[in-house]
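Engineer: Handing you this structure, nothing more for now.
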Amino acid sequence: MLTRSLGRYLLVLAVLALASTLAFAACDDEEEGAGPIDIVVFDTNPLAVEDLRTGGSDANFSDFPVAAEDAAQSDGELEVVEPQIDPEPYGVGMRKTSTELNDVITDAVQAIRDSGKYDEVLAKWNLEAVALEATGEEAPAAIDISGVPELQDGVLNVGSDIAYAPFEFFQEGTEIADGLDVDMGTAIAEVLGVEAEFINTGWDGIIPALQTEDFDVIMSAMTITEDRSAEIDFVAYISVGTGIVVPVGNPDNIHELDDLCGLTVAVQVGTIQEQMLTDQNEQCD
């Protein structure tokens, strides 16, 4: 009887040992391969941030100053992961047929840099870090817009997805556009002797809307990429990286792009960040 009980006891120990070994092996497999990123896209960045805030996703991926602003406005619920990822230039976008407009916009950007207005706008929004490096060039003493068809009505029509603070947003409770891009676009227009009018446009269709002449240029925190440059021309005016927003305390210990593998990430549709996540999935195990 004692021998039989001892045999059963040893069998139970063997089964438990095997189960523990399998459990540890499973954990090791999870650590070695977290799996792909579950990319959840939204029409606007505020919707993506709200998804994170309400627990629908583990992180939000957007331009770093926007990520920092979203964290700052979250009442302590969210934080932004430092440092920013891969800074790239933003550009004023215009149709490839708008060669004369491209020339005067280039001169106007240089003119506001020469005058100090450029630095003033960046300082207003605490974004001195996104300034382009000095070119060493100088703008012409006067910019002739007489040969620019788009400006003959005295207005620079600017397409912008006005839901991306601090670059473009509506002042609370109003339809008054504000933000760095608004101030920068207004400064460019003033140099050209025209008024700037911002036209709120959904991000996913903003380049097609430019192509069909709904407006003259795009100023909407648009990173210059090879694919976009194949469709439209750009004049660079600042350089911005990407940021990751997470719940306060960073429960998933996210510090870089690789750490997003196996997690759910909310992002605005059609952005460079959506493409970065798609590319990263090729690296996730």
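The values are calculated or read from the model by the stated rules, or taken from the named source; none is laboratory data. Predicted, not measured: the structure shown is a model, and the values here were computed from it. Here the Cβ positions follow ideal geometry from the backbone for every residue, glycine too, while neighbour counts run over all protein chains shown.
Engineer: Go through region 190-236 and report how many residues are part of a helix (DSSP H, G or I), within 13 Å of S160 (Cβ to Cβ) and out of contact with any Lys or Arg (no Cβ under 8 Å at 6 or more places or on another chain).
Structural biologist: Final tally of qualifying residues: 4.
Yes/no matrix, rows are residues, columns are (1) at pLDDT 95 or above; (2) farther than 28 Å from T242 by Cα:
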| residue | (1), (2) |
| --- | --- |
| V92 | yes, no |
| K96 | yes, no |
| A108 | yes, no |
| E128 | yes, no |
| E133 | no, no |
| G147 | yes, yes |
| V155 | yes, yes |
| D181 | yes, no |
| E195 | yes, yes |
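Engineer: Evaluate the following for V240: is it part of a helix (DSSP H, G or I) and among the β-branched types (V, I, T)?
Structural biologist: Criteria not met by V240.
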